[in-house]
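Taking it in order: structure first as structure tokens, then the write-up.
Every number here is computed from the coordinates shown, using simple stated rules; none is lab data. Keep in mind it's a predicted model, so treat the numbers as computed, not measured. Methodologically, a virtual Cβ is constructed for each residue, glycine included, from the backbone with ideal geometry; neighbour enumeration extends over all protein chains shown.
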Amino acid sequence: SAATLVSPRPGGAMIIDCALYRDGHRQQEAALSLEEAASLRHDGSEGFAWLGTFEPAPDELERIRDSFGLHELAVEDVQSFHLRPKMEQYDHGIELVILRTARYDDEREEVDFGEISVFIAPTFVITVRQGVASELHTARTNLEARPELLAEGSPAVLWAILDQVIKSYGPVVAELERDIEQVESTVFAGEAAPTERIYFLRREVTNFYRAVHPLLTVLTTIERTYREGPLAPYLHDVHDYLRLISDEVAAQRDLLATILEANMAVISVEQTRLGIRQGQTIERLTVLATVFLPLTFVTGFFGQNFPWLVEHLDGFGRFVLLGIGGLVVPLIVLWGLLRRDRRRLDEAG
């Protein structure tokens with residue numbers, strides 16, 4: 001089965017959490033409303049709001065766009081599923097970062113993909129999640145426990161999201177590695193593995209590679225933007241981990257290509273062995289048929305119920321002349337024909 005985007009929306013809730021952060025601390029326990037979060041852009045208060053949404057409907061996205069002044073093209077971009085992560089810049093210092101998330105499902109042995117779109121500006125962060133593999137509660141909790149980073153403002157949220165998404169790639173790599181090792185051990189043990197399984201794994205790894213490798217460019221841009229300040233070493237650490245993941249996924253893709261070739265070679269060898277066994281069986285049957293051919297001829301000849309044959313077959317001499325002699329004549333003719341054909345082949349060679 002193919003890698004999937006699984007996206008059950010729980011209870012129809014769009015806003016998962018919304019909070020105001022100032023001086024590295026959350027200002028209230030209860031979630032803000034959309035209107036309260038949007039008002040921060042106009043009242044000049046310090047801090048920023050983090051609005052977390054899950055699979056908002058088009059009309060809900062329109063409310064968010066009107067409230068926060070987002071570009072209509074950015075909102076349209078959020079509503080489509082992307083094969084590759086990317087980063088876009090818009091007016092008023094608003095940036096859109098689109099990330100692909102991944103989670104391995106042990107029961108189905110598949111990779112579930114999701115997506116997180118992050119609108120980031122000095123006074124707000126808006127996250128739009130798509131798919132079950134896009135949970136962000138852990139990122140929010142971890143960041144709230146580190147006020148020194150949260151005090152850096154909205155860029156700290158982007159780092160926390162990147163850190164969680166990229167760290168979640170590690171278990172996916174490990175599970176894919178386990179699946180690949182199972183197929184590899186089967187093939188290199190001299191047994192043919194199901195070709196469909198190898199193709200499926202290769203497609204899974206390719207989809208995962210598309211989620212991981214282009215993110216290197218996005219992280220390079222982000223790291224360059226925030227190369228000075230307390231967030232710089234944390235972004236660099238995440239970037240290094242992403243490079244490691246990208247290299248491992250690329251190696252898995254190459255290994256699967258090798259396994260596929262080896263599996264085809266094993267299948268070819270098995271087909272050759274099967275052909276040899278079938279040839280040997282046909283040879284035995286041919287020998288057996290050759291042994292019974294004279295007997296079949298004799299019984300068939302003498303089994304004819306013609307009056308002349310019955311009336312004139314009255315002694316051993318007549319039996320040898322008519323029966324055995326009738327068998328020898330076609331055998332001599334057959335031998336002559338085979339010898340002539342062999343001579344022609346020798347001359348042609």
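Loop-located GluC sites (Glu not before Pro) in the range 94-193 (DSSP state not H, G, I, E or B) with no more than 14 neighbouring Cβ atoms inside 10 Å: E107, E191. Here the gap between S185 and A257, fully extended at 0.36 nm per residue and compared with their Cα-Cα distance, gives a gain of 24.4 nm. Note on R197 and E228: with the Förster distance fixed at 41 Å, the Cβ-Cβ geometry gives a FRET efficiency of about 0.25.
Please compute the Kirkwood hydrodynamic radius over the range 221-293, one decimal place, Å, based on all pairs of different Cα atoms.
Numbers: mean 1/r = 0.0563 Å⁻¹.
Result for the range 221-293, one decimal place: 17.8 Å.
Note on T138 and D23: the model spin-label points, each 7 Å out from Cα along the C-beta direction, lie 3.2 nm apart. The L331 and E283 beta-carbon pair, evaluated with R₀ = 22 Å, returns a calculated FRET efficiency of approximately 0.60. Shape summary: the range 124-213 maps onto an equivalent ellipsoid whose semi-axes, from the alpha-carbon gyration tensor, are 39, 13, 9 Å in decreasing order. Counting other Cβ atoms within 10 Å of each Cβ, which chymotrypsin sites (Phe, Trp or Tyr not before Pro) in the range 56-93 have at most 16 and sit in a DSSP loop? Hits after loop and neighbour filter: F81, Y90. Compared with the direct C-alpha span, the chain from S268 to E46 gains 72.9 nm at full extension, assuming 0.36 nm per residue.
Shown here for the range 178-249: trypsin sites (Lys or Arg not before Pro) in loop regions (DSSP other than H, G, I, E, B) with at most 15 other Cβ atoms within 10 Å, namely R227.
Contour minus end-to-end for Q89 and R146, with contour as 0.36 nm per residue of separation and end-to-end as the Cα-Cα distance? Walk me through the intermediate numbers first.
Details: separation 57, 0.36 × 57 = 20.52 nm, distance 2.78 nm.
Length difference between fully extended and current span is 17.7 nm.
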